[in-house]
Amino acid sequence: MLCAGYTKVWDLSGGELVRLDGARGTTLRVTRGTLWITLENDTRDIVLTAGDSYTIDRGGLTLVEAQGAAVVCVMAHYVDAVHHRTPRPLRGGRIAAWWASLRETPGGSRYLPYY
């Protein structure tokens, strides 16, 4: 198995965000896809692609976002406390939902945003 010896395997969808608090020492290894990692109080943006690994070198908040479908092997002792947030709908989906809400407006009146 590609993640033998790791604590957990994440199968992330595109745009899915993982929030890690105090994750110093956690190792992430990407087996498929691309990850974007940003660390609290750090100006670096870390981008990992398939085959890359990274050990988080500081405490505080770490955000990991999948840039498309990704599989990540994780080595840490507390990974069960990780919170995943589902990706936001794409802009087209948000606009379609807004138009649908306009059609459902009582009385047939339509409201348009004013910029």
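The values are calculated or read from the model by the stated rules, or taken from the named source; none is laboratory data. This structure is a prediction, so every number in the text was calculated from the model and none was measured. Please note: Cβ atoms are built from the backbone with ideal geometry, for glycine as well, and neighbour counts cover all protein chains shown. Only protein heavy atoms, including side chains, enter the accessible area calculation; ligands, DNA and RNA are left aside. Shrake-Rupley method; radii C 1.70, N 1.55, O 1.52, S 1.80 Å.
List of remarks:
- Summed over the stretch 24-66, the residues that are of a type in the set (A, V, I, L, M, F, W, C) and touching a helix residue (DSSP H, G or I) at 6+ places or on another chain (Cβ under 9 Å) give a count of 0.
- Residue count, the stretch 65-78 (criterion: in a loop (DSSP other than H, G, I, E, B), modelled with pLDDT under 90 and either aliphatic (A, V, I, L, M) or surrounded by 20 or more Cβ atoms within 10 Å (Cβ to Cβ) (or both)): 1
- Positions within the stretch 52-64 being open to solvent by less than 50 Å² (accessible area, probe 1.4 Å), part of a loop (DSSP other than H, G, I, E, B) and within 14 Å of THR27 (Cα to Cα), in sequence order: ILE56, GLY59
- Scanning the stretch 1-34 for residues that are of a type in the set (S, T, N, Q) and open to solvent by 70 Å² or more (accessible area, probe 1.4 Å) yields a count of 1.
- Cβ pairs under 9 Å, 6+ apart, first in the stretch 49-63 and aromatic (Phe, Trp, Tyr), second surrounded by 14 or more Cβ atoms within 10 Å (Cβ to Cβ): TYR54/THR27; TYR54/LEU28; TYR54/ARG29; TYR54/VAL30; TYR54/LEU35; TYR54/ILE37; TYR54/ILE46; TYR54/LEU48
- In the stretch 35-51, the residues that are closer than 15 Å to CYS73 by Cβ, open to solvent by 30 Å² or more (accessible area, probe 1.4 Å) and not in a loop (DSSP other than H, G, I, E, B): THR49
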